[in-house]
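Enquirer: Below you'll find the structure I mean.
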Amino acid sequence: IGVNLPLFRKAYNSRIQAAKNEVMVQEEALKTKQHKLNRTISELRYRFNHQRNILQYLEEELSPLVNNQSIANLAAYQEGEIGYLEYLDSLERVVVVKRQFLEALYQYHILKTELVYWLGE
């Protein structure tokens, strides 16, 4: 009556082993998700930096060039050196560059927001 018999020891050991295996599976799943998150963040950082460079180019290089060309075309149109259609064409180029700038600015802010979300800030 007072003897301790290990009757159910095998059942307990198999439960413990199953729990250890489940922990290992969950740890591997966590590592996989962490790698996926790091890859997503890395890709977003690359796209964000690329979009920032595009935005900087449009703002600092292309916009002033097109604006100066537009001013020159206005002066040429007022003096009669170019026709109305040429002047309208130059204005259309200004609008295209400004639209590209706005689209780049939109993409920049979208990527920035997404990056902040994934970084948890």
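Enquirer: So Met24 passes all but one of these: (1) at pLDDT below 95; (2) farther than 16 Å from Leu102 by Cβ; (3) hydrophobic (A, V, I, L, M, F, W, C). Which condition number does it fail?
Expert: Result: Met24 passes all but (1).
Enquirer: Return the pairs, sorted by first residue and then second, in which the second residue is open to solvent by 80 Å² or more (accessible area, probe 1.4 Å) and part of a helix (DSSP H, G or I), the first residue lies in the stretch 100-121 and is among the hydrophobic types (A, V, I, L, M, F, W, C), the beta carbons are less than 7 Å apart, and the residues are 6+ apart or on different chains.
Expert: Within 7 Å, the pairs are Phe101/Glu59; Leu111/Arg47; Leu115/Arg45.
Enquirer: Now for a separate question. Just the residues that are in contact with a helix residue (DSSP H, G or I) (Cβ under 7 Å, 6 or more places away or on another chain) and either under 19 Å from Leu111 (Cβ atoms) or not in a helix (DSSP H, G or I) (or both), please, taken from the stretch 40-78.
Expert: Within the stretch 40-78, Thr40, Ile41, Leu44, Arg45, Arg47, Phe48, Gln51, Arg52, Ile54, Leu55, Leu58, Glu59 meet the criteria.
Enquirer: Then there is this: Out of all the residues in the stretch 42-54, is one or more within 21 Å of Arg99 (Cβ to Cβ) and among the hydroxyl-bearing types (Ser, Thr, Tyr)?
Expert: No, there is no match, as no residue in the stretch 42-54 is within 21 Å of Arg99 (Cβ to Cβ) and among the hydroxyl-bearing types (Ser, Thr, Tyr).
Enquirer: Looking at the stretch 98-119, is at least one residue in a loop (DSSP other than H, G, I, E, B) and open to solvent by less than 100 Å² (accessible area, probe 1.4 Å)?
Expert: In the first step, residues of the stretch 98-119 are kept if they are in a loop (DSSP other than H, G, I, E, B); the result is none.
Looking for residues that are in a loop (DSSP other than H, G, I, E, B) and open to solvent by less than 100 Å² (accessible area, probe 1.4 Å), one finds none in the stretch 98-119, hence no.
Enquirer: Restricting attention to the stretch 38-71, and to residues there that are of a type in the set (A, V, I, L, M) and surrounded by 13 or more Cβ atoms within 10 Å (Cβ to Cβ), which single residue is nearest to the chain's Cα centre (by Cα)? Write out each step before concluding.
Expert: So the first thing to find is which residues in the stretch 38-71 are of a type in the set (A, V, I, L, M), and the list is 41, 44, 54-55, 58, 62, 65-66, 71.
Narrowing further to those that are surrounded by 13 or more Cβ atoms within 10 Å (Cβ to Cβ): 41, 44, 54-55, 58, 62, 66.
On the way: Ile41: 8, Leu44: 4, Ile54: 14, Leu55: 14, Leu58: 19, Leu62: 23, Val66: 28 Å.
Checking each candidate, the answer is Leu44.
Enquirer: Can you tell me how many residues in the stretch 79-121 are touching a helix residue (DSSP H, G or I) at 6+ places or on another chain (Cβ under 6 Å) and among the aromatic types (Phe, Trp, Tyr)?
Expert: 4
Enquirer: Considering (1) under 22 Å from Val97 (Cβ atoms); (2) out of contact with any Phe, Trp or Tyr (no Cβ under 6 Å at 6 or more places or on another chain), say which one Tyr77 fails and leave the rest.
Expert: For Tyr77, the failing item is (2).
Enquirer: I'm checking my understanding of the structure. Among residues of the stretch 72-93 that are surrounded by 13 or more Cβ atoms within 10 Å (Cβ to Cβ) and aromatic (Phe, Trp, Tyr), which one is nearest to the chain's Cα centre (by Cα)?
Expert: So, considering only residues that are surrounded by 13 or more Cβ atoms within 10 Å (Cβ to Cβ) and aromatic (Phe, Trp, Tyr), the one nearest to the chain's Cα centre (by Cα) is Tyr87.
Enquirer: From the list Lys10, Lys31, pick out the single residue that is open to solvent by 90 Å² or more (accessible area, probe 1.4 Å), in a helix (DSSP H, G or I) and modelled with pLDDT under 95. Quick ask: steps written out before the conclusion?
Expert: Values: Lys31 fails: modelled with pLDDT under 95.
Going through Lys10, Lys31 in turn, just one is open to solvent by 90 Å² or more (accessible area, probe 1.4 Å), in a helix (DSSP H, G or I) and modelled with pLDDT under 95: Lys10.
The values are calculated or read from the model by the stated rules, or taken from the named source; none is laboratory data. All values reported here derive from a predicted model rather than from experimental measurement. Note: ideal-geometry Cβ built from the backbone for every residue, glycine included; neighbour counts use all protein chains shown. In case anyone asks, the SASA skips ligands and DNA or RNA and just uses the protein heavy atoms, side chains included. Shrake-Rupley method; radii C 1.70, N 1.55, O 1.52, S 1.80 Å.
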